[in-house]
Amino acid sequence: MIFAGQLIFAGVCVGAVYALIALGLNLTFWTTRTLNFSQGSLMMLCAVVAVAVLDGGFNIYLGLLAGVAVTGVTAAATEAIAIRPLIKLTGSMGWVVTTLGVGIFMQGFVSKFFGSQALAFPSFLFSPRDHVEIFGVRLSAQYLIILVIALVLVLLFELFQRRTAWGRALQAVSADPDLAAVMGIPVRLVVTLSFVASGLLAGIAGVLVAQITGTVDAAFGFNLLIFGFVAAVIGGMGSTWGALLGGIFLGIMEKLVGGYISTAAEQAIAFALLMIMLAVRPEGLLGEKEFVKV
């Protein structure tokens, strides 16, 4: 039971990171009906910038702020360069290729200037040796702080969406961008800010995972992007609480499979859940069906 409890706890915490990634994907989906598949590379970029600032003799927390800022700006640039020109073409899916291309470019850029070898990433909140004991189960403090940060961010975003003018503007643009523009809502600015927020969430998720793995390299973030996408589909595209539920459910299943069957099967279970969800309930657990008039 203790082993199962540790696996479930680890799954909940890792799933909370998947939820942050899924929430970032949801943000871009709401405003542009596109997904930024360079999200995984943004996670990597934030961690690499933080390490570069630290190596320059500055404080790690300054490096984290710099990394998050860079990811926000890069996400906005991705929308302007790789997505905006293509969504004007009705029915075009070119943004899938262009966002993937941006992600590959970032990987190549980091490999060129920082090398292809893994860079050491410091533990800035707790060390791997720090634990908290609850009901006889030893829980990693690193995992626990990840869970707390992720839950706080999801809650703050939900409050922002429901209680602020900009949050209501985001919902209006998501529902009908043309009508929102007629009502005086700055649609272009709302779209840009949604990509900036998506980049910030990616950066935060990246550094939270990097402090656990202890290293970051150019390929860092690709698998996390896949799991985040699966979590978004399971929970329901466009649902904040769905992203959280889908991420935690996926994280628990991943850790249970890895603990009792094989760690090699962890990624396979994600794709299995994805196929089952698409076959049984394509709109996700908390998502709503969309009807399009033709």
_Please return the ranges of helices (runs of 4 or more DSSP H) entirely within the stretch 1-101 where 3 or more residues are among the aliphatic types (A, V, I, L, M)._
2-32, 39-55, 60-78
*Taking L286 as meeting all but one of (1) free of Cβ contacts under 8 Å to residues at least 24 places away in the same chain; (2) open to solvent by 50 Å² or more (accessible area, probe 1.4 Å), write down the number of the exception.*
(1)
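Answer yes if at least one residue in the stretch 143-155 is open to solvent by 80 Å² or more (accessible area, probe 1.4 Å) and without any contact (Cβ under 8 Å) to a residue 24 or more places away in the chain, and no otherwise. First the steps, then the outcome.
Of all residues in the stretch 143-155, those open to solvent by 80 Å² or more (accessible area, probe 1.4 Å) come to 155.
Still in the list and also without any contact (Cβ under 8 Å) to a residue 24 or more places away in the chain: 155.
Yes, that holds for at least one residue.
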_Looking only at the stretch 260-285, how many residues end up being within 18 Å of the chain's Cα centre (by Cα) and in a loop (DSSP other than H, G, I, E, B)?_
1
*Answer with yes or no whether G199 is under 21 Å from Y143 (Cβ atoms), of a type outside the set (V, I, T) and part of a helix (DSSP H, G or I).*
no
*Which residues, taken from the stretch 32-52, are modelled with pLDDT of 90 or more and over 16 Å from the mean Cα position of the chain (by Cα)?*
V48, V49, A50, V51, A52
*Which one is farthest from L170 (Cα to Cα) among residues in the stretch 23-80 that are without any contact (Cβ under 8 Å) to a residue 60 or more places away in the chain and in contact with a Gly (Cβ under 8 Å, 6 or more places away or on another chain)?*
V53
*Among the residues of the stretch 10-29, write down those that are surrounded by 21 or more Cβ atoms within 10 Å (Cβ to Cβ) and farther than 14 Å from G247 by Cβ.*
L27, T28
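Restricted to the stretch 208-239, and to residues that are of a type in the set (V, I, T) and open to solvent by 10 Å² or more (accessible area, probe 1.4 Å), which residue is farthest from L159 (Cα to Cα)?
The residue in question is T215.
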*Can you name every residue in the stretch 162-174 that is crowded, with 17+ Cβ neighbours inside 10 Å and under 21 Å from the mean Cα position of the chain (by Cα)?*
L170, S174
*Can you work out which of the residues in the stretch 131-142 that are at pLDDT 80 or above and of a type outside the set (S, T, Y) is most open to solvent (accessible area, probe 1.4 Å)?*
H131
*Just one of (1) in contact with a helix residue (DSSP H, G or I) (Cβ under 7 Å, 6 or more places away or on another chain); (2) farther than 16 Å from T28 by Cα; (3) in a helix (DSSP H, G or I) trips up L159, so point out which.*
(1)
_Those residues of the stretch 176-204 which are touching a Gly at 6+ places or on another chain (Cβ under 6 Å) and open to solvent by less than 30 Å² (accessible area, probe 1.4 Å), in sequence order_ = S198, G199, L201, A202, G203
_Flag for V97 being touching a Cys at 6+ places or on another chain (Cβ under 7 Å), open to solvent by 10 Å² or more (accessible area, probe 1.4 Å) and under 30 Å from L245 (Cα atoms)_ = no
*asked:* If I filter the stretch 110-126 for residues that are open to solvent by less than 40 Å² (accessible area, probe 1.4 Å), out of contact with any strand residue (DSSP E or B) (no Cβ under 8 Å at 6 or more places or on another chain), on the phi < 0 side of the Ramachandran plot and modelled with pLDDT under 85, do I get at least one hit?
replied: yes
_Among the residues of the stretch 120-142, what is the count of those that are without any contact (Cβ under 8 Å) to a residue 12 or more places away in the chain, more than 15 Å from G214 (Cα to Cα) and not in a strand (DSSP E or B)?_
0
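The values are calculated or read from the model by the stated rules, or taken from the named source; none is laboratory data. Source: prediction; values computed, not measured. Methodologically, a virtual Cβ is constructed for each residue, glycine included, from the backbone with ideal geometry; neighbour enumeration extends over all protein chains shown. The protein model used for the area step is the full one, side chains on, heavy atoms only, and it has no ligands, DNA or RNA in it. Shrake-Rupley method; radii C 1.70, N 1.55, O 1.52, S 1.80 Å.
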